[in-house]
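What follows is one structure encoded as C-alpha cells, with my remarks underneath.
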Amino acid sequence: MALDLLIKNGTVVDGSGMPRYRADIGVRAGRIVEIGRIRSAAEKIIDADGLIVAPGFIDGHTHMDAQIAWDPLGSCSCWHGVTSVVMGNCGFALAPCKPEDREWFARCLTAVEDIPTEAMLAGIDWNWESFPEYLANVERLPKGLNYGMYIGHSALRMYAMGRRALEEPANEDDLRAMEAAVAEAIRAGALGFSSSRATTHITPDGTPVASRIADWHEIDRLVGAMAALDSGIFQIGPDISGGEAQRLFYERLRRVALESGRPIMFGTLATKQGVDPNPWDYSTRYIDETVALGGRMYGQGTTRSINAVFSLKSYLPFDGLPAWKEIRALPLAEQKHRLTDPEVRRRLVADEAKMKPKSSELQGGGAATTDPRRPDYANLFPMLDVDWDDPSIADLARRQNKHPVEIIIDLCLENDNRVFVQPLVNESPEDVLGILKHPRTLATFSDSGAHVCQEMGSSLQTHLLSYWVRKRQQFTLEEAVRMLTFDNASAWELPGRGLIRIGYSADLVVFDEEHVRPRLPTVEQDLPGGARRLVQKADGIAATIVNGVVAMQNGESTGQHAGEVLKGRLAAS
Ligand SMILES: [Zn+2]
C-alpha cells in the first residue's frame with residue numbers, strides 16, 4: 001500500500017538520545033509505519049539528504065489559549081520545529097469562564113501576558129463556558145500544532161467565586177465547586193491543573209491575580225481532586241520575588257508533592273534580584289530532595305535569560321517620560337525625523353535623569369516594559385545578531401564616549417527594527433546551563449503566545465540547537481533533541497509522541513544542523529484589530545510534519561492544519 005509521505009535519505013536523530021543513523025521514514029494515516037530503505041511509492045516525498053530528521057519538538061509552557069482562536073499556524077513556535085504545545089499555564093486559561101466575565105478575562109490576560117484586549121475581543125468567538133466546552137472548541141478550530149491544556153486556577157476561581165475570587169479565601173461550597181470542575185476537566189482531557197503564586201502576576205488594577213489569593217489548603221484540595229482520579233499534572237508559577245519567599249514557597253509545595261503524588265512542575269528560574277536571592281542550584285537540589293522523599297517533580301528551564309524586549313516600534317524604556325511621550329505619540333517616520341534633531345536629542349537625554357531609580361525588586365516582562373526603572377545599561381543589549389555575544393549599551397557608550405540614551409537613539413535610527421534585550425531572570429548563561437544539565441529539568445518554558453510585545457521566548461528550540469549545541473558544544477545534537485522531544489513527551493505523559501518509532505504519531509521536524517538558528521525578532525502589526533507583537537522566525541528548518549501532514553515547509557505554512565488536542569489519560573481514546 002502506498003505511503004502518504006516518505007522522507008528520504010535523512011539522518012535520523014530519534015529522540016531517545018541514541019546516536020544518529022541514516023534511514024528513510026514512511027508515514028501513513030498520521031503514523032510512522034516504516035523506518036529503513038523504503039521502496040514503497042508515496043504520495044509526497046521530502047528529500048532530506050544532508051538533513052536531520054527528528055521528532056517534532058514539544059513545548060510544555062505556552063500561553064496560546066487566546067491566540068489559537070485566530071492563528072491556525074501556532075506562531076511563533078511553528079517556525080522553530082515545534083509540533084506540540086501545552087497551554088493554560090500559570091493559572092491563566094480561558095475556561096471555565098462565565099459570559100459576564102469575558103471582558104475581565106481579556107483584560108487580565110492583557111495585564112499579565114500582554115495579549116492585547118482588542119485582539120482577544122476581535123479574534124475570539126467565545127462560545128464556551130465550561131472547560132469541556134472550551135476543549136471541544138479547540139478541537140474544532142483549525143490548528144497547525146497539537147495542543148494540550150490545563151484548567152487554570154485564576155479562571156476557575158473567578159468562575160466559582162465571581163469577584164470574591166480577587167479578595168477572599170474560598171469557603172467550603174467554593175472548594176467543592178472548584179474540586180468538581182477540576183475533576184470534570186481532567187475527565188474531559190485536561191492534562192492537569194495550573195496555578196501561580198508569582199508576584200509578577202497581577203490584575204489590570206495592580207492587585208494579585210485570583211490564584212494568588214488562594215491559601216495552600218485550597219491548592220491541596222484542588223490537586224487532591226486530581227489525586228483522587230490518579231491523573232493530571234500540577235503546574236505552578238513560583239514566587240521568586242526574594243530568597244526567603246522562594247524557600248517558603250518550595251517548602252509548602254513539597255508537601256503538595258508528597259501528599260498528592262501527582263507530578264509537579266514549576267519554572268526553575270535563577271535570578272540575582274530580590275532580597276537574598278538563592279543560587280540556581282538551590283532549586284535543583286530541592287527537586288532532588290523532594291523526589292528522594294517520594295514526590296514527582298520537574299523543573300521547567302529556559303535555554304537563555306528571560307528578557308524584556310524593547311524597540312522603537314514597540315516599547316522603549318523611556319516612553320513614559322514627558323519629552324519622550326511627545327515624540328513617541330508621532331508616526332514612526334516623524335519620530336525618526338525628530339530623533340535626528342540635536343535639540344530634541346538633548347532634551348531626551350536630559351529627561352532620562354527623571355526615571356525611577358532601579359531597585360532590587362523583581363520585575364516581570366510586563367512591568368519591566370510598561371513601568372520601567374532607569375535601565376542598568378550594563379544589562380541592556382542591542383541584538384546586533386543572534387549569537388548572544390553583543391556588547392552592552394554601557395560598553396558602547398564608553399567606547400563612543402556618548403550617553404547611553406544617545407547610543408540607543410543612534411541604533412534605532414540605524415535600523416528601526418533593532419531590538420534591545422534586558423535580561424530579567426536567568427541572567428547568567430552559566431546558571432541556565434546548570435539548570436538545563438540537571439536531569440530533572442525540562443527544556444521548555446517559551447511562554448509562547450504571551451508577552452507578545454514584551455518578551456520573545458518562542459525561539460527556545462532553535463536557540464538550544466544553535467547556541468548550546470553548535471556554538472558552545474555543551475550538548476550533543478542527540479541529547480538536545482531528546483530534551484525537546486522524548487523528555488517532554490514523558491514528563492507530560494503524551495503517549496506515542498516524542499520518538500521516531502513505528503506506530504508513533506508522525507510529528508517530525510527536518511532541519512539542517514549546521515544552519516538551524518533563530519532569526520532576529522521584529523515588531524509586526526498582524527494581530528486581530530491590528531495590534532502589534534514580536535515575531536521571530538528561524539533559519540535551517542526545512543519542514544515540520546504534524547500527524548503525518550506537512551505543516552510548514554522552508555518556513556512557510558502549507559495551509560494544512562492537522563493538529564489535534566492532546567488529552568490526558570482518562571479522556572484519551
Ligand atoms: Zn507562564
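Here are some notes:
- Subset of region 433-476 that is on the phi < 0 side of the Ramachandran plot, at pLDDT below 95 and of a type outside the set (Ser, Thr, Tyr) - its residue that is nearest to the ligand (Cβ to nearest atom): ALA450
- Strands (runs of 3 or more DSSP E) wholly inside region 1-111 containing at least 2 residues that are open to solvent by 10 Å² or more (accessible area, probe 1.4 Å) and away from the ligand (no atom under 16 Å from the Cβ): 3-12, 21-28, 31-36, 42-47
- Tally, over region 112-138, of residues that are under 21 Å from LEU566 (Cβ atoms), part of a helix (DSSP H, G or I) and of a type in the set (S, T, N, Q): 1
- Qualifying residue in region 94-110 (condition: among the β-branched types (Val, Ile, Thr) and under 25 Å from GLN553 (Cβ atoms)): no
- Residue list for region 552-573, restricted to those being open to solvent by less than 30 Å² (accessible area, probe 1.4 Å), over 30 Å from PHE193 (Cβ atoms) and in a strand (DSSP E or B): MET552
- The combined condition, being open to solvent by less than 20 Å² (accessible area, probe 1.4 Å), within 24 Å of PRO99 (Cβ to Cβ) and not small (Gly, Ala, Ser), is not fulfilled by VAL223.
- Hits in region 506-529 (condition: in contact (Cβ under 8 Å) with a residue 12 or more places away in the chain, open to solvent by 10 Å² or more (accessible area, probe 1.4 Å) and out of contact with any Ser or Thr (no Cβ under 6 Å at 6 or more places or on another chain)): ASP512, GLU513, GLU514, HIS515, ARG519, LEU520, THR522, LEU527, PRO528, GLY529
- Unique residue being free of Cβ contacts under 8 Å to residues at least 24 places away in the same chain and either open to solvent by less than 40 Å² (accessible area, probe 1.4 Å) or β-branched (Val, Ile, Thr) (or both) when the list is ILE306, ILE327: ILE327
- Scanning region 468-484 for residues that are surrounded by 20 or more Cβ atoms within 10 Å (Cβ to Cβ) and not hydrophobic (A, V, I, L, M, F, W, C) returns a single hit, ARG482.
- Within the option set GLU343, GLU361, being outside any helix (DSSP H, G or I) and open to solvent by 30 Å² or more (accessible area, probe 1.4 Å) holds for one residue only, GLU361.
- Take the conditions (1) within 16 Å of the ligand (Cβ to nearest atom); (2) assigned to a loop (DSSP other than H, G, I, E, B); ASN417 misses just one of them, which is (1).
- Set PRO391, PRO375: member being assigned to a loop (DSSP other than H, G, I, E, B), out of contact with any Leu (no Cβ under 6 Å at 6 or more places or on another chain) and either farther than 24 Å from TYR467 by Cα or open to solvent by 30 Å² or more (accessible area, probe 1.4 Å) (or both): PRO375
- Any hit, region 438-457, residues being open to solvent by 10 Å² or more (accessible area, probe 1.4 Å), part of a helix (DSSP H, G or I) and of a type in the set (Lys, Arg): no
- Complete set of residues in region 183-207 that are touching a residue at least 24 places away in the same chain (Cβ under 8 Å) and farther than 17 Å from TYR150 by Cα: ALA198, THR199, THR200, HIS201, ILE202, THR203, PRO204, THR207
- Helices (runs of 4 or more DSSP H) wholly inside region 180-263 containing at least 2 residues that are within 15 Å of the ligand (Cβ to nearest atom): 210-213
- Of everything listed in (1) touching a strand residue (DSSP E or B) at 6+ places or on another chain (Cβ under 7 Å); (2) away from the ligand (no atom under 16 Å from the Cβ); (3) farther than 30 Å from ILE327 by Cβ, the single unmet condition for PRO423 is (3).
- Residue that is surrounded by the most Cβ atoms within 10 Å (Cβ to Cβ) [pool: residues in region 264-285 that are away from the ligand (no atom under 16 Å from the Cβ) and among the polar types (S, T, N, Q)]: SER283
- Subset of region 530-540 [more than 19 Å from ARG304 (Cβ to Cβ) and either surrounded by fewer than 22 Cβ atoms within 10 Å (Cβ to Cβ) or at pLDDT 95 or above (or both)]: GLY530, ALA531, ARG532
The values are calculated or read from the model by the stated rules, or taken from the named source; none is laboratory data. Being a predicted model, the structure only gives us computed values, none of them experimental. Heads up, the Cβs are rebuilt from the backbone with ideal geometry, glycines too, and the neighbour counts pull from every protein chain shown. These area figures cover heavy atoms from the full protein model, side chains too; ligands, DNA and RNA do not enter into them. Shrake-Rupley method; radii C 1.70, N 1.55, O 1.52, S 1.80 Å.
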